[in-house]
1. Could you check A110 against (1) modelled with pLDDT of 85 or more; (2) farther than 30 Å from A204 by Cβ; (3) among the small types (G, A, S) and say which number it fails?
2. Considering only residues of region 195-205 that are out of contact with any Lys or Arg (no Cβ under 7 Å at 6 or more places or on another chain), in a helix (DSSP H, G or I) and not acidic (D, E), which is farthest from L124 (Cα to Cα)?
3. Just give me the residues in region 73-112 being surrounded by fewer than 16 Cβ atoms within 10 Å (Cβ to Cβ) and closer than 30 Å to W27 by Cβ, in sequence order.
4. Residues of region 63-80 being modelled with pLDDT of 90 or more and in contact with a helix residue (DSSP H, G or I) (Cβ under 7 Å, 6 or more places away or on another chain), which ones?
5. Looking at G80, G61, which is the one that is part of a loop (DSSP other than H, G, I, E, B), more than 23 Å from A204 (Cα to Cα) and small (G, A, S)?
6. Taking the options A144, A132, name whichever one is out of contact with any Lys or Arg (no Cβ under 8 Å at 6 or more places or on another chain) and either more than 16 Å from E163 (Cβ to Cβ) or surrounded by fewer than 20 Cβ atoms within 10 Å (Cβ to Cβ) (or both).
7. Give me the pairs: first residue in region 190-207 and surrounded by fewer than 20 Cβ atoms within 10 Å (Cβ to Cβ), second residue assigned to a helix (DSSP H, G or I) and among the hydroxyl-bearing types (S, T, Y), beta-carbon distance under 8 Å, and six or more apart or on different chains, which are they?
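The values are calculated or read from the model by the stated rules, or taken from the named source; none is laboratory data. Everything quoted here is computed from the prediction, not taken from an experiment. When we count neighbours, we look across all protein chains shown, and the Cβ atoms used for this are built from the backbone with ideal geometry, even at glycine.
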Amino acid sequence: MLQKTNRQTLVEQVALQMESLIESGKWGVGMRIPAEPELMNELNVSRNTLREAIRALIHAGLLKTKQGDGTYVCSSSALGVVLKKRISRTDTLQTLEVRYALEREGAHLAAQRRTDDEARELLLQLERCEAAAELGNIDDFVTADIRLHQSIVKASHNEILIEIYNHIAEALQDSITSLTSFEVDTDFLEMHRQLVEAIVGQDADRAVEAVHRYIQESKDVIAVEEGERS
């Protein structure tokens, strides 16, 4: 049986206002939020109400408190927190399947919609990937690889796809790191170069095929590792 809904409490209203500041980017990830007296004055609420709202956002994974230092933004949205937790409990193969779905469509749309500035940005991010691989710096390589794919998805100009992909990008870092093997990076990087060149050349079919190839290679790596463990 349906029940009457309750009006939002003052704590919930304050929490929603603070969450909107986070989601809008006014309070960016890594930023320390204003001190209690300032927030109490701006929101016209008591210290207890403010602290309850902050506790709710900490529980949601949007904020974290550093003892003696203040409260910081640690995620750009509640959706991002949920996705990150879900991916952390998912095996690498399933994560790859999700990546394939998102990156394939992102590449397809980017090839059709990218601007000249976005094409130049993709080439720049690709160069950073290649430079990190040449130096054998796996951390820099993974960071550059994620930024490259974020740039590709951004060039799709599909706001929902961009938001979803950006939310899971941080969670993808562990899976990408576990799959990275510098012994096969020549082929891996060549596939990414073909992907970027296809998008720059606005060849959607080639872009999709490049995504298929590097995801399939990652699946092959998983199959080999599982075979060695069995």
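1. Every condition holds for A110 apart from (2).
2. Per the stated criteria, the residue is A204.
3. L79, V82, K85, R86, S88, R89, T90
4. Selection gives L63, K64, T65, T71, V73.
5. One residue alone meets the criteria, G61.
6. The match here is A132.
7. Close Cβ pairs satisfying both conditions: M191/Y214.
Here's the yes/no breakdown for (1) touching a helix residue (DSSP H, G or I) at 6+ places or on another chain (Cβ under 8 Å); (2) within 26 Å of I162 (Cα to Cα); (3) modelled with pLDDT of 85 or more:
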residue	(1), (2), (3)
V14	yes, no, yes
S46	yes, no, yes
A56	yes, no, yes
A60	yes, yes, yes
V82	no, yes, no
